[in-house]
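The values are calculated or read from the model by the stated rules, or taken from the named source; none is laboratory data. Every value quoted in this text rests on a predicted model; they were computed, and no experiment measured them. Here the Cβ positions follow ideal geometry from the backbone for every residue, glycine too, while neighbour counts run over all protein chains shown. Protein only, heavy atoms only, side chains kept; ligands, DNA and RNA dropped before computing areas. Shrake-Rupley method; radii C 1.70, N 1.55, O 1.52, S 1.80 Å.
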Amino acid sequence: MIKERYPLVDIIIVTYNSERTIKDLIKSLNRTVYPHKKIRIFIVGNNSSDNTLKVIKEQKIDIRSKIIKNNSNKGFSTANNQAA
């Protein structure tokens, strides 16, 4: 029998003013089925002017996660690279 290996999966979410939708995204990620829970989530708050980070912090995230807060919005690419 061949032993299956499951690599670690990183999910990077760059968010800006996503207060109304981020909660549903986190719920969806919590329902994600992947063997051995080998998933990490990096959420980069790209200096939102709404309550996006507050909503994120209020959610229970069942997967290993890290929240990165930007104090300025330098665009998607810069925010994405911060998570890597």
### Task
Just give me the residues in the stretch 20-48 being farther than 22 Å from residue 81 by Cβ, in a loop (DSSP other than H, G, I, E, B) and of a type in the set (Ser, Thr, Tyr), in sequence order.
21, 32, 34
## Note on the structure
Filter the stretch 49-84 for residues that are assigned to a strand (DSSP E or B) and of a type in the set (Lys, Arg); the one that is least open to solvent (accessible area, probe 1.4 Å) is 66
### Task
Report whether or not residue 17 is modelled with pLDDT under 90 and either open to solvent by less than 80 Å² (accessible area, probe 1.4 Å) or in a strand (DSSP E or B) (or both).
no
### Task
Look at residue 46 and say whether it is touching a residue at least 12 places away in the same chain (Cβ under 8 Å), open to solvent by less than 40 Å² (accessible area, probe 1.4 Å) and farther than 23 Å from residue 71 by Cβ.
no
